Amino acid sequence: MSNGDDDGEDAALDVTLDSRLDDAAEALEAATTESALDDVEATLDEIESDLEDAELPEPDEDDEDADDPREQLESRLSELRDDLEDQRGPYVEDVAETVDSASSTVADSEWTDDGEGEAVAAVESFLDAAGEHYDLDADAGDTPESASDALADAATALETSGLDPDEDADAIAGLVEAAAALEDDLDAAETWDDLTVQEQLDARGFYDVLDNENRKDFPPEWSALKIYAKQGEVEPMLFALGKLDDSEFMEEYVLDQFLHMGSEATDAFDELHQRAQKRDKLPIRILGKMGDERAADTLHDFIEGDGDPALQKVTLRALGEIGSADSVQPVANRLVAEDDEVRSVAARALGLLGDTRAIEPLADVLGEDDVDSVRASAAWALRQIGTARALDVAGEYTDDEAYLVQAEAEKAAGV
């Protein structure tokens, strides 16, 4: 008998919760202010709490089509909460967030020449449209930088405007519409990514060095690169390197040209330094030929320990060519490397550095290393340093059993 009473109570509770949800839905439909929406939200919170505590009948496990009262009520509650959020606002804070995001878009996008003008015009249009609803006191200026700053100022002004979603609903709606148009206009403004690679190169005047004859050569990019390399024009070569990165041939060609240009390719330092940080040997070689001391600290990291002898040798040669005094100790540390070729290249790098601090470490190698080619490299390095002390140390080995060492010693002694 009691089970029947319980079932009746559960059914009544189910109906009561469902009826309360009906009332909440009607209240939501009638709500026209944020205060009214807050009241509906409080009602939904109460219903949710009661639903969590309610003991509702479980669906029949043997009936796949059986209804689950709790699931149905929770679904209705969730839908009403979604409707409530959709009905809120709009808020001026949302407009401020959109405008601030647009400010970053204007500042960070890689606009074409046409796109720059379009982006600035988009900001001007927004400021004019928004100004009809709230005085933003901002000027887009003539550049993407000034336009971005104007939007950032506008976002701050809107954030602190205090516009009320009820009292200033029309103004906020107008601002929302202006912000949406700003997003659309910026999306339509031309960036370099909107163009094909060839269109990007053409827009930058990359093909202007070609005449009617060599423009027909395939690919024309290679013909242009050869002309730029001959003229020592680094910037267009760098631009092409970034845009033709899907062509291994073009990439290697540009890097090879930078290698031959040496110090004349210094304008490409940042790009090559970035590539060298991936421990790519060709950019490291190019940095050596450039002789730019800014690369030294990065390259020192590549010669620590005994890993990858090939990388260490390339790096040691580059450090020797760069010639930074800060490289003497890191390079001298490799005179005791496990790999004899690394030790030999380290000795020669010290010779290129030409610092007298390397004399004693090189003297130790000349007297103690068990590989003749390494000892010969140490003697060669002492000759490159060229001070009286360095030449005296090397000259002591004119009677050495190893011909390679003897030949270097005789040159040091002037024999």
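Key figures for this structure:
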{"read-out": "One residue from Asp86, Asp108, Asp100, Asp94 being closer than 30 Å to Ala140 by Cβ, within 46 Å of the chain's Cα centre (by Cα), open to solvent by 90 Å² or more (accessible area, probe 1.4 Å) and of a type outside the set (Val, Ile, Thr)", "value": "Asp108"}
{"read-out": "Where Asp149 falls short, out of the listed (1) touching a Ser or Thr at 6+ places or on another chain (Cβ under 8 Å); (2) among the charged types (D, E, K, R); (3) closer than 30 Å to Val254 by Cβ", "value": "(3)"}
{"read-out": "Within region 400-415, tally of residues that are farther than 14 Å from Arg375 by Cα and either exposed (fewer than 10 other Cβ atoms within 10 Å of the Cβ) or of a type in the set (Val, Ile, Thr) (or both)", "value": "2"}
{"read-out": "Those residues of region 85-97 which are at pLDDT 90 or above and not in a loop (DSSP other than H, G, I, E, B), in sequence order", "value": "Val92, Glu93, Asp94, Val95, Ala96, Glu97"}
{"read-out": "Any hit, region 149-161, residues being open to solvent by 20 Å² or more (accessible area, probe 1.4 Å), part of a loop (DSSP other than H, G, I, E, B) and touching a strand residue (DSSP E or B) at 6+ places or on another chain (Cβ under 9 Å)", "value": "no"}
{"read-out": "Of the criteria (1) part of a helix (DSSP H, G or I); (2) open to solvent by 60 Å² or more (accessible area, probe 1.4 Å); (3) of a type in the set (D, E, K, R), which one Glu251 fails", "value": "(2)"}
{"read-out": "Some residue of region 363-380 being under 39 Å from the mean Cα position of the chain (by Cα), assigned to a loop (DSSP other than H, G, I, E, B) and not hydrophobic (A, V, I, L, M, F, W, C)", "value": "no"}
{"read-out": "Residues (open to solvent by 100 Å² or more (accessible area, probe 1.4 Å) and free of Cβ contacts under 8 Å to residues at least 12 places away in the same chain) located in region 47-63", "value": "Glu52, Asp53, Glu58, Glu61, Asp62"}
{"read-out": "Inter-residue pairs, beta-carbon under 7 Å, first in contact (Cβ under 8 Å) with a residue 12 or more places away in the chain and in region 226-240, second among the hydroxyl-bearing types (Ser, Thr, Tyr), 6+ apart", "value": "Pro236/Tyr228; Met237/Tyr228"}
{"read-out": "Single residue of region 165-203 satisfying the filter (in a loop (DSSP other than H, G, I, E, B) and either of a type in the set (A, V, I, L, M) or in contact (Cβ under 8 Å) with a residue 24 or more places away in the chain (or both)) that is farthest from Val99 (Cα to Cα)", "value": "Leu195"}
{"read-out": "Residue ID - modelled with the highest pLDDT, chosen from residues in region 13-44 that are exposed (fewer than 12 other Cβ atoms within 10 Å of the Cβ) and under 49 Å from the mean Cα position of the chain (by Cα)", "value": "Ala42"}
{"read-out": "Odd one out for Thr191, checked against (1) surrounded by 15 or more Cβ atoms within 10 Å (Cβ to Cβ); (2) within 28 Å of Gly89 (Cα to Cα)", "value": "(2)"}
{"read-out": "Subset tally (residues that are surrounded by fewer than 24 Cβ atoms within 10 Å (Cβ to Cβ) and closer than 20 Å to Gln312 by Cβ) for region 354-363", "value": "2"}
{"read-out": "Search result, residues across region 254-284 that are surrounded by 19 or more Cβ atoms within 10 Å (Cβ to Cβ), among the hydrophobic types (A, V, I, L, M, F, W, C) and within 19 Å of the chain's Cα centre (by Cα)", "value": "Ala268, Leu272, Ala276"}
{"read-out": "When residues of region 377-399 are limited to those that are out of contact with any Ser or Thr (no Cβ under 8 Å at 6 or more places or on another chain) and of a type in the set (A, V, I, L, M), the one surrounded by the fewest Cβ atoms within 10 Å (Cβ to Cβ)", "value": "Ala388"}
{"read-out": "Breaking point among (1) within 30 Å of Leu127 (Cα to Cα); (2) among the hydrophobic types (A, V, I, L, M, F, W, C); (3) exposed (fewer than 14 other Cβ atoms within 10 Å of the Cβ), for Ala66", "value": "(1)"}
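The values are calculated or read from the model by the stated rules, or taken from the named source; none is laboratory data. What you are looking at is a predicted structure, and each value in this text was computed from that prediction instead of being measured. No Cβ is skipped: glycine too gets one built from the backbone with ideal geometry, and neighbour counts run over all protein chains shown. Just the protein is used for accessible areas: all its heavy atoms, side chains included, with ligands, DNA and RNA removed. Shrake-Rupley method; radii C 1.70, N 1.55, O 1.52, S 1.80 Å.
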